[in-house]
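Here, each number is a calculation from the coordinates, and none is a lab measurement. Keep in mind that this is a model prediction, so the values were computed, not measured. Ideal geometry is used to build each Cβ from the backbone, glycine not excepted, and the neighbour counts take in all protein chains shown.
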């Protein structure tokens, strides 16, 4: 586990679970969410894995392995992609940018070793160099609208949500001081859930396929073949029948308890003893929306049905159509 030096900042409360190693918050969760939504502050994501691929063949080689079309990826263009099992199940989500000489990616905390092992096994005769750069670079997120200046020599992955900055680890504390206020992982997660963005290890289990989470739109190129798991992607896409679908839930705000990851989801009219139709993947308290969650439910769960997350009533919004 990578432990951030920014946990020594005033008010820092350590995160638990998949975000262990960085701060959950710095004393005021809703203030931090408002700041982030308004383009202020930074989020310490230095616990995430950082992997780089260099060499003349890096983009054509990655193109053969990933679900995304990256063979002609333009420099400084952000994209995201998946690595699937032979059966089409999601193993890794990669958030990429190429600087013209090196492809940079960040991945879930602790997953970089397994990713590197897979990439190394697929090198063959290609001219590529793969590096676990987690010890050298820390990820920091700057929200859209942030006016924080980033040195020109640093790699930045810019999206509609903000900038992922690959900060040299020996500059992390000084960059944080220039980018204040600090914002914890809980605020970042609340806005991620609001935006319906899935996360490996939370929205996924051992049998999740991209269609269930809406990743076909952002991380899969449907006219591209020749990657592991492509047959499953094409078959399910053509049939239009993924077994499950992601939903966004507005939870009853009168309940002080947030359902945890894995909590069962049932149809409300069947009651708390009814058969589970899915499970909670992520939940958070949002500064405007109140308690919210993402859940993975069976495809045929009625879109208009009120659901129960454990015993909490939840109105659903469709993320992935049945």
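Determine the relative contact order of the range 49-132: mean sequence separation of Cα pairs under 8 Å and six or more apart, normalised by residue count, in whole percent. Walk me through the numbers on the way to the answer.
Values: 152 pairs, mean separation 33.0, N = 84.
Computed value for the range 49-132: 39 percent relative contact order.
Only Cα pairs under 8 Å and at least 6 apart count here; give the relative contact order of the range 243-322 as a rounded whole percent. Let's see the in-between values first.
Working: 192 pairs, mean separation 34.4, N = 80.
Value for the range 243-322: 43 percent.
Scale the Cα Rg of the range 143-291 by the rule-of-thumb value 2.2 N^0.38 Å and send over the ratio, two decimals.
On the way: Rg = 19.5 Å, N = 149, 2.2 N^0.38 = 14.7 Å.
It is 1.32.
Which order do 207, 157, 299 fall in if you start with the one that has the fewest other Cβ atoms within 10 Å? Present the calculation step by step, with values, prior to reporting the outcome.
Numbers: 207 13, 157 24, 299 17.
With the sparsest Cβ surroundings first, the list reads 207, 299, 157.
Evaluate the Debye formula for the range 49-132 with equal point scatterers sitting on the alpha carbons, no solvent, and hand back log10 of I(q)/I(0) at q = 0.24 Å⁻¹, in q order, two decimals.
Each listed q maps to, in turn, -1.33.
Given the range 1-108, report the % of alpha carbon pairs whose separation exceeds 19 Å.
Numbers: 3320 of 5778 pairs.
So the pairs more than 19 Å apart make up 57 percent of the total in the range 1-108.
Quick check: the distance between the Cα centres of the range 223-270 and the range 53-70, to the nearest angstrom?
Comparing the Cα centres of the range 223-270 and the range 53-70, I get a distance of 29 Å.
What number in nm² do you get for the range 243-322 if you take the convex hull of its Cα atoms and divide its surface by four?
Working: hull surface 18.9 nm².
Dividing the Cα hull surface by four gives the mean projection, 4.7 nm².
Once Cα extents along the principal axes in Å is worked out from the coordinates, which option in [x] 58, 51, 31; [y] 74, 52, 42; [z] 97, 41, 30 does it equal?
Of the labelled values, this structure produces [x].
Please report, in whole Å, how far the alpha carbons of the range 106-203 spread along each principal axis, starting with the longest.
46, 34, 21
Expressed as a rounded percentage, what relative contact order does the chain have, with Cα pairs under 8 Å and six or more residues apart?
Working: 722 pairs, mean separation 60.0, N = 322.
Relative contact order of the chain: 19 percent.
Using the Cα atoms of the range 128-179 to build a convex hull, what is its mean projected area in square nanometres?
Values: hull surface 17.2 nm².
If you wrap the Cα atoms of the range 128-179 in a convex hull and average its projections, you get 4.3 nm².
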